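Chemist: Below is the structure I would like to discuss, written out as structure tokens.
The values are calculated or read from the model by the stated rules, or taken from the named source; none is laboratory data. All of these numbers come straight from a predicted model, not from anything done at the bench. Using ideal geometry, Cβ is built from the backbone for each residue, glycine included, and neighbour counts are taken over all protein chains shown. Side chains included, ligands, DNA and RNA excluded: accessible areas come from the protein's heavy atoms. Shrake-Rupley method; radii C 1.70, N 1.55, O 1.52, S 1.80 Å.
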Amino acid sequence: IISENPNSLFSIGLHPCFINENTANNLLEIEKLSTLPQVFAIGETGLDKRAKTSLEQQTEIFKAQIKIANQVQKPIIIHCVKAFQEILSIKNEMKPGVPFIFHGFRGKPELAKQLLKNNCFISVGKDAVYIPETIEIIPLDSLFLETDEKDFLIKDLYNGIALIKNISVEDLSKQIAINLEKVSHSESNDKFNS
């Protein structure tokens, strides 16, 4: 249910682990709701090689959501499990004009470099403090912070990342706000096409 509070932002999407017989109706609902101002992004969507649904069906649903995101010019929040090459291949094939934000990233520096080379944003959570070598190479203007865990405070993540990046929490917060503004206004931005 989407909140009636205009200050609350949401994403809406069909997660690859929850594809079922209602998928066609779900996609219609996503398309309808995606135009609401409270809907900030499309997602989580993407590919998950551990999901029960076939990769072929996941790919079809993922591509449909990329088209929706492109229509409404909203970023895409990517769920990816062991399918980074496939997702980047789809991105390069479809050339969406909206940002890809990889959610819950905990990969090695080489993988982060590949995502950055493809003009993707990287969002990290609680585990990020255990991969400082990856955090060090992610430019501040390509970084988001998140928490899905109920037992973990986002302020603790800001403190940990600020320490790794050797900046103040205040400066980190300002940069994240700038990044949010940047992906929110991605219309006609060729940076996200490659």
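Chemist: Can you give me the long-range amide H partners of Ile138? Hydrogens built in the peptide plane at 1.01 Å from N, cutoff under 5 Å, separation of 5 or more residues or another chain.
Modeler: Counting only residues 5 or more places away or on other chains, the set is empty.
Chemist: Another question, then. Just the number please: accessible area per residue for the range 38-176, 1.4 Å probe, all protein chains included, in Å².
Modeler: On the way: 6570 Å² over 139 residues.
Averaged over the residues of the range 38-176, the accessible area is 47 Å².
Chemist: For Phe18, put the label point 7 Å out on the Cα→Cβ axis and report which residues of the range 40-56 keep their amide N under 13 Å from it.
Modeler: 43-46
Chemist: If you average the alpha carbon positions of the range 154-175 and of the range 1-80, how far apart do those two centres end up, in angstrom?
Modeler: Using only Cα atoms, the two centres lie 29 Å from each other.
Chemist: On to the next question. Within 10 Å, count the other beta carbons around each residue, average over each peptide in 140-150, 111-121, 19-29, and list them highest first.
Modeler: Details: 140-150: 14.8, 111-121: 17.6, 19-29: 12.8.
Put in order of decreasing packing, that is 111-121, 140-150, 19-29.
Chemist: At q = 0.17, 0.20 Å⁻¹, what is the log10 ratio I(q)/I(0) for the range 1-151, with the Debye formula run over Cα points and no solvent?
Modeler: -1.01, -1.33
Chemist: Could you work out the relative contact order of the range 1-125, using alpha carbon pairs under 8 angstrom and six or more residues apart, expressed as a whole percent?
Modeler: Once normalised by length, the contact order is 22 percent.
Chemist: Could you work out the helix-only [θ] at 222 nm for the chain, with each DSSP H run of four or more residues adding -39,500 (n - 2.57) and the total divided by the number of residues, to the nearest 500 deg cm²/dmol?
Modeler: Calculated at 222 nm, the ellipticity per residue is -13000 deg cm²/dmol.
Chemist: Short version: ³J(HN,Hα) in whole Hz for each residue of the range 164-169, in order, from phi by Karplus 6.51 cos²θ - 1.76 cosθ + 1.60 (θ = phi - 60°), x for Gly and Pro, what are they?
Modeler: With the stated coefficients, the range 164-169 comes to 4, 7, 6, 9, 6, 4 Hz.
Chemist: For Asp141 and Leu36, FRET efficiency with R0 = 25 Å and r from the beta-carbon atoms, rounded to 0.05?
Modeler: With a Förster radius of 25 Å, E is 0.35.
Chemist: Among Phe10, Val169, Leu55, which residue has its Cα positioned farthest towards the positive end of the charge dipole of the chain, with +1 placed on the Cβ of Lys and Arg, -1 on the Cβ of Asp and Glu, and the dipole taken about the Cα centre?
Modeler: Result: Leu55, furthest along the dipole toward the positive end.
Chemist: Right, next: For the chain, what % of the accessible area comes from carbon and sulfur atoms, probe 1.4 Å?
Modeler: Reported share for carbon and sulfur atoms: 51 percent.
Chemist: Shifting gears a bit: Once label points are set 7 Å from the Cα along Cα→Cβ at both Ser8 and His185, what is their separation, rounded to one decimal in nm?
Modeler: Distance between the two pseudo-spin positions: 2.7 nm.
Chemist: When Lys and Arg each count +1 and Asp and Glu each count -1, what net charge do the other residues less than 14 Å away from Ile66, Cβ to Cβ, add up to?
Modeler: For residues surrounding Ile66, the net value is 0.
Chemist: Using the Cα centre of the range 126-182 as the reference point, and only Cβ charges (+1 on K/R, -1 on D/E), how large is the resulting charge dipole? Debye, rounded to the nearest 20.
Modeler: In debye, rounded to 20, the range 126-182 gives about 140.
Chemist: Another question, if that's okay. What is the sum of charges around Ser54, taking Lys and Arg as +1, Asp and Glu as -1, for the other residues whose C-beta is under 12 Å from the C-beta of Ser54?
Modeler: Values: positive: Lys49, Lys52; negative: Asp48, Glu56, Glu60.
Result for the neighbourhood of Ser54: -1.
Chemist: Right, here's the next one. Just to confirm the number: angle between the C-alpha axis of helix 23-33 and the first principal axis of the chain, 0 to 90 degrees, nearest 10?
Modeler: The two axes meet at around 60 degrees.
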